[in-house]
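First comes the structure, then the notes that go with it.
The values are calculated or read from the model by the stated rules, or taken from the named source; none is laboratory data. As the structure is a prediction and not an experimental result, all values here were calculated from the model. Methodologically, a virtual Cβ is constructed for each residue, glycine included, from the backbone with ideal geometry; neighbour enumeration extends over all protein chains shown. Just so you know, the surface numbers come from the protein's heavy atoms only, side chains and all, with ligands and any DNA or RNA stripped out. Shrake-Rupley method; radii C 1.70, N 1.55, O 1.52, S 1.80 Å.
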Amino acid sequence: MKKKRKRPAVRVEIAGEALESVFEECDRYDHEETGGRVIGHFTMDGDSVVIQARGVIEPGPNARRSRTSFFQDGEHQTEVFRRIEAADPSIEHLGNWHTHHVNGYPTLSGGDRATYRRIVNHELHNPDFFYALLVTHRNDGRKGLDRYAVRHYVLFRGDDAVHEIAPTNVKVTDDPSIWPKDHRASIDARGDHDADGAGPRGKVSVAVRARDQVVLGVLFPSLAPRLATPTGTFFWKGQLPLIDGSAVDIKVAEIDDDGSLVYYPVVSPTSEHVAELCGTSFSSAAHAVRALELQMNREIYQSAMAR
Ligand SMILES: [Zn+2]
C-alpha cells in the first residue's frame, strides 16, 4: 500500500467565457441534465494544485439526456480534444461539468462520485486529480454569470474522498476561452453583449441567430458564427459533410433585406441547381444549410446511380 500523502490545497481559475458556455448549455436544456468536458491547464507542486479551466467541450450530437441522467458523446469529444491538442499540446482534460438545476439535487450523486472515481484512477487520465463543476440551481432574477449557482469538487487518484473546493478558492478570470473557439463571435452575434448592440435589426435577428446556433450546433457542429470586420456582417462558415464522406466549404451570409433578415448559402456551385440555391433566400441559416445539404447529397446519389 502506498503511503498516504497530505492532500494538496486546490485553487480553481475558470475563464468567464467558459463559464458562460456552461450556463448557455443550461439555458438550452432546462428540462434535462446536460454537461460537458472541462479542459485547460494546471500546475501542481507538492502541496498545491492550481486548476486553470479554459474551455468546455460540448456534449456532442449523440449525447443522451434525461431529467436525472446524462451521457456524453465521448467519440465526438475525443475528436474535438485531438483538434485542440494539435494546436496546444499542453492542453489537458481537467474534469467534467454537469447540471442538477433540473432535478434540484444539490450535490454530486452516488453515481456521479462512482463515475469520477473510475475516471481519476484510469490509466489514460493524465492529471492525478479530477475536477467536477456542478450547476446546482438557477438564481431567478439574476443575470450574466450570476444566473446559476455552481459548486466545485476535486478527486485525487488513489483517494476515495470527494473534496469540495471552497468558493474563496475559486476565481473567475477574463482569460479568453480556448473552446468553444468562436465564443466571442457567438455572444456578439446574439446581441447580448450590450443592450444597444442589437441595433436596428432588433430582437428578431437575435432570436433567429440563437435558434440557428442551437440547431446548427447539433446538426453541423463544424459551422461557426463569424462577424466580418470592419463591416460587421454576420455569417456562418465551415464544412458541410456529405453522404459520400466528402465535405465542402460553405458559408451562409446574413443579409438585411429591407429590415428583415434573410440567409443565402454560399458555395462554389457544382450544378445549376446549387447555383440556383445560392440565389435563394432562406428564413434562417439552418434552413439554408439543410437545403444545400439535401441538394448536394441528391446530386451525389444521382451521379452514383447513373454509373
Ligand atoms: Zn449528477
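Assorted remarks:
- Kirkwood hydrodynamic radius of the chain, Cα pairs, Å: 21.3
- FRET efficiency for the Ala275 to Thr78 pair, using the beta carbon distance and R₀ = 35 Å, is estimated at 0.40.
- Oblate is the label for region 86-163, because the ratio a/c of its alpha-carbon gyration tensor axes (a ≥ b ≥ c) is 1.5 or higher and a/b is not greater than b/c.
- Cβ-derived FRET efficiency at R0 41 Å, Thr107 paired with Gln239, nearest 0.05: 0.50
- Ranking by accessible area, most exposed first, for Met305, Met44 with a 1.4 Å probe: Met305, Met44
- Charge sum, other residues only, whose C-beta stays under 14 Å from Arg11's C-beta, Lys/Arg counted +1 and Asp/Glu -1: -2
- Gap separating the Cα centres of region 83-122 and region 17-42, nearest whole Å: 11
- Solvent exposure, largest accessible area first (probe 1.4 Å, DNA, RNA and ligands not counted), of Tyr264, Tyr105: Tyr105, Tyr264
- Choice from Ala15, Ala228, Ala286 showing the highest fluctuation, given a GNM over the chain with Cα pairs closer than 10 Å: Ala228
- Furthest towards positive pole of dipole, Pro225, Cys278, Gly36, structure part the chain, Cβ charges: Gly36
- The angle separating the long axis of helix 16-28 from the principal Cα axis of greatest extent in the chain is about 70 degrees.
- Inter-centroid distance (Cα atoms) of region 274-297 relative to region 154-181, Å: 43
- Rounded tilt (10° steps) of 202-219 against the dominant C-alpha axis of the chain: 70
- Considering only Asn169, Asn121, Asn96, the Gaussian network model of the chain with Cα springs below 10 Å gives its largest mean-square fluctuation to Asn169.
- From the Kirkwood radius over Cα pairs of region 1-105, Stokes-Einstein at 10 °C and 1.306 mPa s returns a whole-number translational diffusion coefficient of 105 µm²/s.
- Here region 9-173 yields Rg over Rh of 0.93, to two decimals, using C-alpha coordinates and the Kirkwood radius.
- Computed from Cα atoms, the angle from the helix 74-87 axis to the main principal axis of the chain rounds to 90 degrees.
- The DSSP beta bridges internal to the chain are antiparallel in roughly 75% of cases.
- The overall shape of region 62-107, judged from the alpha-carbon gyration tensor, is oblate: a/c is not under 1.5, and a/b is no greater than b/c.
- Sparse-neighbour loop sites [GluC sites (Glu not before Pro); region 77-160; at most 15 other C-beta within 10 Å; DSSP]: Glu123
- Dipole magnitude (debye, nearest 20) for the chain, charges at Cβ of Lys, Arg, Asp, Glu: 1180
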